Structures are given as structure tokens and as C-alpha cells.
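The values are calculated or read from the model by the stated rules, or taken from the named source; none is laboratory data. All of these numbers come straight from a predicted model, not from anything done at the bench. Note that each Cβ is placed from the backbone with ideal geometry, even for glycine, and that neighbours are counted across all protein chains shown. Surface accessibility is based on the protein's heavy atoms, side chains included, excluding ligands, DNA and RNA. Shrake-Rupley method; radii C 1.70, N 1.55, O 1.52, S 1.80 Å.
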Amino acid sequence: QIIDYLKDKGYSNESVAGIVGNIDVESVGSFDYTQKEIDHYDKNNKPIYKKNGGYGLFQFDGGTKKYYNDYLNTSNKKDSMESQIDFMDEMVNGNIKYYNKTDKKMVPVLGYGNVGEIQDTFLNETDPSEISLKFSEIFEKPEKGKEHNDKRSESALSVYESFNPR
């Protein structure tokens, strides 16, 4: 469903694979839009969720979670896989903005430079692994030391290979 939805939005196979590689890592392989961030596992291997932790396919947290909830309210949408992907798409296209007091204008949450860079990556990069890393750096912004870039790359390449079986 996620792959089809991203393709329907116009993302290339390489970009779809890069994004899905990130979703795989962020959702701990569940691909569940209601996935909560796991802090640790108890002695029975039951997940203990992080208080005020990440949520969803992209593990929205902090300010991004607030922007997502605002997006749901203003667009009159309910939380869903589609809504989370739509929000991500709006973010990377620079359409989710905030008022910058210094510049006295609305600016993209990701920043103009990052929006341009991720767009350029989606349009011109042909390596799904590189797309996954750039998406992680610009959109996901994982905690230092917890990037799991090897898993993001491996998952992106695996997804991409599934599009073109040998």
C-alpha cells in the first residue's frame, strides 16, 4: 500500500525505495502508521514505549508531530497511512511553513536549502541507498548515534531490487 501510494504521488522507483527504507527503520519493520517509538524491551521482550516519543511511519516527534497534527486539523483529515505520506510530501515540497520572525515571512519548516536539496535528490539521484540517506538527513533527522544508516540503505536497496527481480 505504501509503495503504491508513493508511486501514485509521482515518486520514482528509486525515491520510493529510499523513502520506504526509512519507513522500515522508523517503524521497526511494522510499516504501521500507528507505530509508537519503542524505548526498550522488558524481560519478557515486550516493548516499552518512549513517553512523548515518535509516532507513525516517520516517527514524528516534537515540532514535527505538532506540525502534523496542525496539518490534520487544517486539511480536515484523519490520521492514516495516506495522511502521513501526504504530510511528508507537503514537507519535502516546502508547503508546510512557519512564520519566521527574523525574516518576517512564512518559510518552509525544512528550510529553503533543504527543500531544494531533497527535491534535487528525488529528481536526479539514481541510487536508492543515497536517496535513503539524504531523506534521513533532511527529513528524519535521527538522533546522533542512532541513525541506523546501514539498515536504511540495505532496506532501500532491497525494496528497489523487488521492483526489478532478476
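Overview of values
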{"item": "Violating pairs (Cα-Cα greater than 27 angstrom) within the set LYS66/LYS141; LYS101/LYS151; LYS51/LYS101; LYS7/LYS144; LYS7/LYS78; LYS36/LYS105", "result": "LYS101/LYS151; LYS51/LYS101; LYS7/LYS144; LYS36/LYS105"}
{"item": "Three-way shape call for the stretch 1-96 based on the alpha-carbon gyration tensor, with the a/c threshold at 1.5", "result": "oblate"}
{"item": "Potential extension, ASN93-SER75 segment - 0.36 nm per residue separation minus Cα distance", "result": "4.8 nm"}
{"item": "The chain, dipole about Cα centre (Lys/Arg Cβ +1, Asp/Glu Cβ -1), debye to the nearest 20", "result": "740 debye"}
{"item": "The chain - percent of accessible surface contributed by carbon and sulfur, probe 1.4 Å", "result": "45 percent"}
{"item": "Unit Cα scatterers, Debye sum, the stretch 39-135: log10 I(q)/I(0) for q = 0.12 Å⁻¹", "result": "-0.51"}
{"item": "The chain, Cα convex hull volume normalised per residue, Å³", "result": "135 Å³"}
{"item": "Highest to lowest packing among 51-59, 113-121, scored as the average C-beta count within 10 Å", "result": "51-59, 113-121"}
{"item": "Contour minus Cα-Cα distance for SER30 and MET106 (0.36 nm per residue)", "result": "23.8 nm"}
{"item": "Column: log10 I(q)/I(0), Debye, Cα scatterers of the stretch 102-166, q = 0.13, 0.26 Å⁻¹", "result": "-0.45, -1.12"}
{"item": "The stretch 68-109 versus the stretch 122-150: alpha-carbon centroid distance in Å", "result": "20 Å"}
{"item": "Helix-only [θ]222 nm of the chain, DSSP H runs n ≥ 4, -39500 (n - 2.57) each, per residue, nearest 500", "result": "-15000 deg cm²/dmol"}
{"item": "Whole-Hz couplings from phi, Karplus 6.51/-1.76/1.60, listed for the stretch 63-69; x for Gly and Pro", "result": "x, 5, 4, 5, 4, 5, 5"}
{"item": "FRET efficiency estimate (nearest 0.05) - Cβ-Cβ, GLU130 to PHE163, R0 25 angstrom", "result": "0.90"}
